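The values are calculated or read from the model by the stated rules, or taken from the named source; none is laboratory data. Owing to the predicted nature of the structure, the values given are computational and were not obtained by experimental measurement. Please note: Cβ atoms are built from the backbone with ideal geometry, for glycine as well, and neighbour counts cover all protein chains shown. Side chains included, ligands, DNA and RNA excluded: accessible areas come from the protein's heavy atoms. Shrake-Rupley method; radii C 1.70, N 1.55, O 1.52, S 1.80 Å.
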Amino acid sequence: MKILFIGNSITWHPVKEEIGWMHEWGMAASSEDKDYVHLLMHKVQEVLPEAEHKIAWAVAWERAYWDSIHLVAFREFLNFKPDIIIVKIGENVNMTKNDEYPYEPQFKKLLEYLNPAGKSKMLMCTGFWKRGVIDDAVRSVARELGYPLVELNHLDTDEMKAFDTYGNSAPAAHPGDRGMSAIADEIWKTLEDIIKT
């Protein structure tokens, strides 16, 4: 079983000293094994011990999703031939760009690029932070293509974030350990059925 995660800083982020982030895992988990990807993979490997995963960082695509040049960054992951692709992005998309560059068709184009032969099972997620028209576009595409959708907007509360660890710095608005665990739990409710079919 191969799982490909398409994500942003919540999925993985390199060291960024200027904002106080000194790690290389999902911001702002306290350790790698407590970010949502590794929590999920632990659940998966309890069922399928041989399961493996990769993470494709989609921040550049999010920030200029209308420019097809950013699709090229995902090319290397096509060779991974994932059985399941989990797409949890959108938080870095500038919502004011939606009028000029509608997000929905570009999001659909991304999914088609990631799964050109339609052989991978797909799982969509709304944003951890509420993203209005962006989340609505994800919902619409998931309905159109028949992909399962995991709603995460309800987790956008201070209790789920890392303010107790990072104060007012940039990582603070990201999910802390409690938020990461909640994200993993919500996705697992759907993913468990997918990996067993």
Subject >> Which numbered condition TRP25 fails, given (1) in contact with a Phe, Trp or Tyr (Cβ under 7 Å, 6 or more places away or on another chain); (2) in contact (Cβ under 8 Å) with a residue 24 or more places away in the chain; (3) crowded, with 18+ Cβ neighbours inside 10 Å; (4) farther than 23 Å from GLY146 by Cα >> reply: (2)
Original post:
Is one or more of the residues making up segment 57-72 buried (at least 20 other Cβ atoms within 10 Å of the Cβ), farther than 23 Å from SER140 by Cα and modelled with pLDDT of 95 or more?
Top reply: no
Subject >> When residues of segment 123-150 are limited to those that are over 22 Å from ASP83 (Cα atoms) and outside any helix (DSSP H, G or I), the one most open to solvent (accessible area, probe 1.4 Å) >> reply: LYS130
Subject >> Within segment 73-110, considering residues that are assigned to a strand (DSSP E or B) and more than 15 Å from GLY127 (Cβ to Cβ), the one farthest from the chain's Cα centre (by Cα) >> reply: ILE84
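Name the residues in segment 76-92 that are surrounded by fewer than 15 Cβ atoms within 10 Å (Cβ to Cβ) and at pLDDT 95 or above, would you?
Listed by number, the list holds a single entry, LYS81.
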Original post:
Out of all the residues in segment 153-185, which are open to solvent by 40 Å² or more (accessible area, probe 1.4 Å) and either within 16 Å of GLY7 (Cα to Cα) or in a helix (DSSP H, G or I) (or both)?
Top reply: HIS154, ASP158, GLU159, PHE163, ASP164, THR165, TYR166, ALA170, ASP177, ARG178, SER181, ASP185
**OP:** Could you give me the residue pairs with C-beta distances under 7 Å whose first residue belongs to segment 113-139 and is over 16 Å from ASN98 (Cβ atoms), whose second residue is among the charged types (D, E, K, R) and open to solvent by 50 Å² or more (accessible area, probe 1.4 Å) wherever it lies, and which are 6+ apart or on separate chains?
**Re:** SER120/ASP83; LYS121/ASP83
Original post:
How many residues does segment 58-72 hold that are part of a helix (DSSP H, G or I) and not charged (D, E, K, R)?
Top reply: 8
Original post:
Of all residues in segment 24-57, how many are part of a loop (DSSP other than H, G, I, E, B) and either in contact with a strand residue (DSSP E or B) (Cβ under 8 Å, 6 or more places away or on another chain) or of a type in the set (Phe, Trp, Tyr) (or both)?
Top reply: 8
Original post:
Any idea which of (1) among the charged types (D, E, K, R); (2) open to solvent by 50 Å² or more (accessible area, probe 1.4 Å); (3) in a loop (DSSP other than H, G, I, E, B) is the one LYS189 doesn't satisfy?
Top reply: (3)
